[in-house]
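Peer 1: A single structure is presented below for examination.
The values are calculated or read from the model by the stated rules, or taken from the named source; none is laboratory data. Just so it is clear, the model here is predicted, and its values are computed rather than measured. All Cβ positions, even for glycine, are placed from backbone atoms using ideal geometry, and neighbour counts span all protein chains on display.
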């Protein structure tokens, strides 16, 4: 057996198993070795069903019967109940929120269950036990302690639980890896020197010869510096641990390996970026200063620093690669607009027949007397792209340049030839032609910008908003669409701890917006209990009566299917909008917005809300990123515990767009310690960087 052998060469696989391994992207023995357990379970002491002690963890061998799913009367939780029976008696078993498990567990045959005993001595039960089917003919002697012998040892063990897919179970992986470790290596000429100690003895017994031919990607001197075990020892500890300490050491080593590989990749990408040539952008500081003089408010010190960083990068010979990180409402769009203004006011370089840039006597690049460099701005959603399109029209309307919008179904150009002050719809073919010949200086769009049909003449500056929502290939595809490498700016409002950002975005320089523009008021956040919903509704009514607007966020679009046991029980925007209009806010207009709507329907809903035609917008998290309606000052988030902390912080930022005091009410539907801790953290602080550290 060799690590690069196909799994099916050494294992008989039925079609269902082949399909499952393909879904898990497991094709070779090496892949199988790197399919790590998702967790480890302590099997507990062996025992008998008639002699259980509440609070202890036990392992029992017997059979299951009477498994049936139902819903609890009071809490409405899904529960599957049944009985476990052995030679001494029987005990109730139950699984919460796993209504499907009754169809997976065997109705006959011997099983081994491991779990914690609950209830009391008179009425014990085992909740959510792990179940392992015992193969026919397996001897069970020694699995129970001898209750007649008080000196008998109590055995316990740690066993691995692997990620599964329909067709292969955790136990299949366990036994498959046992065979892998037991097989001798196919080509002993490639085997490395045998390690010392317990691992060496295991290899000498044929237990892990396949590990000998694996090359360790972490150099020996690096392992010694950080006290990390080698690859063979770590793989054995991951799959066959003797104790929890071994698994923790192995996990630490593989976590380091991932970060080590990521850092090497990022360093290589940065070196490749710095070896490329970019468009020279002249007089950028002068142009940016002229733009900042036109806005009605002064930029913050953090914005000035970020603009200065970007303009300095424009002056270098290689393309910029920078991450602009700022909290919700910190003014990233202004930084992007000021630097984009400097680019669209620059002339493209003069190219010689050889393809090289023409140069002046002093060695600087000679520019053409006409034309302009191009800027591309990529946003994650159509709604956000449309909003930025309007923003850049306001910023650049006095310039003699064309601005375009390109999404999956919308193509627009500003200014219109018929009405100079308005944008107009144009055909996709015409827009792409104008982009390719350089007539469009500024184009805003979604992932449609990276399609093969989109070509640029002089793409000098690429801005990617909420870059974590795009894959690396998507971002790089946009950055390689011109005849030279463009400057690249990524922006994110998701606060990331500095150490993590340096790891994930090691190929990017980082600029930080750590202060809000003057006049921005902190959001007042409160958790609303189930019986206090009217308080939140009264707060909404108070804001609306003063001429302001409100968001109400729901986790779902449609109501959950009652026929499905495991359907997510949460409020839906469609049903909630109807209920609010009928029972709560009869006197106000309510709009609806969600991801399943057509682009025109989304635009109409946002247009009515932006203009004030609708006072309440009931929406999903589609409004999470960048939606800017300054008159909206209050937001209610239904099922708040179902959203992530960063997502809640982003949603809260939708009402932090004016000088009025904004409010955010969190309305959880279920209670849990972890969820309550997250919501309390959000209630206590508005600082996204503090939340990122939690």
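Peer 1: Could you check, for the range 306-325, whether at least one of its residues is buried (at least 20 other Cβ atoms within 10 Å of the Cβ), over 29 Å from residue 688 (Cα atoms) and touching a helix residue (DSSP H, G or I) at 6+ places or on another chain (Cβ under 9 Å)?
Peer 2: yes
Peer 1: Can you spot a residue in the range 354-374 that is in a strand (DSSP E or B), farther than 27 Å from residue 688 by Cα, in contact with a strand residue (DSSP E or B) (Cβ under 6 Å, 6 or more places away or on another chain) and at pLDDT 85 or above?
Peer 2: Looking through the range 354-374, at least one residue is in a strand (DSSP E or B), farther than 27 Å from residue 688 by Cα, in contact with a strand residue (DSSP E or B) (Cβ under 6 Å, 6 or more places away or on another chain) and at pLDDT 85 or above.
Peer 1: Also, I was wondering about something else. Does residue 455 satisfy the criteria of being surrounded by fewer than 19 Cβ atoms within 10 Å (Cβ to Cβ), at pLDDT 90 or above and more than 28 Å from residue 623 (Cα to Cα)?
Peer 2: No.
Peer 1: Working only within the range 264-280, note down all residues that are surrounded by 15 or more Cβ atoms within 10 Å (Cβ to Cβ) and in a helix (DSSP H, G or I).
Peer 2: 266, 269, 270, 273, listed by residue number.
Peer 1: Next up: Can you confirm whether the range 246-258 contains a residue that is surrounded by 12 or more Cβ atoms within 10 Å (Cβ to Cβ) and at pLDDT below 85?
Peer 2: no
Conditions tested, residue by residue: (1) farther than 22 Å from residue 158 by Cα; (2) touching a residue at least 60 places away in the same chain (Cβ under 8 Å); (3) under 32 Å from the mean Cα position of the chain (by Cα); (4) assigned to a loop (DSSP other than H, G, I, E, B).
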{"position": "36", "(1), (2), (3), (4)": "no, yes, yes, yes"}
{"position": "59", "(1), (2), (3), (4)": "no, yes, no, no"}
{"position": "62", "(1), (2), (3), (4)": "no, no, no, no"}
{"position": "65", "(1), (2), (3), (4)": "yes, no, no, no"}
{"position": "73", "(1), (2), (3), (4)": "yes, no, no, yes"}
{"position": "84", "(1), (2), (3), (4)": "yes, no, no, no"}
{"position": "90", "(1), (2), (3), (4)": "yes, no, no, no"}
{"position": "99", "(1), (2), (3), (4)": "yes, yes, yes, yes"}
{"position": "126", "(1), (2), (3), (4)": "no, yes, no, no"}
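Peer 1: Which ones in the range 129-182 are part of a loop (DSSP other than H, G, I, E, B), surrounded by 15 or more Cβ atoms within 10 Å (Cβ to Cβ) and modelled with pLDDT of 60 or more?
Peer 2: Matches in the range 129-182: 129, 134, 162, 164, 167, 169.
Peer 1: Taking the condition of being closer than 25 Å to residue 656 by Cβ and not in a loop (DSSP other than H, G, I, E, B), how many residues in the range 285-308 meet it?
Peer 2: 9
Peer 1: Please enumerate the residues belonging to the range 653-694 that are outside any helix (DSSP H, G or I), under 30 Å from residue 77 (Cα atoms) and touching a residue at least 60 places away in the same chain (Cβ under 8 Å).
Peer 2: 664, 665, 666, 667, 668, 669
Peer 1: Collect the residues in the range 230-245 that are in a loop (DSSP other than H, G, I, E, B) and either surrounded by fewer than 18 Cβ atoms within 10 Å (Cβ to Cβ) or not assigned by TED's automatic domain parsing to the domain that holds residue 29 (or both), keeping them in residue-number order.
Peer 2: Selection gives 230, 242, 243.
Peer 1: Sticking with this one: On the given criteria, is residue 225 over 32 Å from the mean Cα position of the chain (by Cα), on the phi < 0 side of the Ramachandran plot and modelled with pLDDT of 85 or more?
Peer 2: It is true that residue 225 is over 32 Å from the mean Cα position of the chain (by Cα), on the phi < 0 side of the Ramachandran plot and modelled with pLDDT of 85 or more.
Peer 1: Ok, one more. Given the residues 69, 3, 37, which is the only one that is at negative phi, touching a strand residue (DSSP E or B) at 6+ places or on another chain (Cβ under 6 Å) and modelled with pLDDT under 90?
Peer 2: 69
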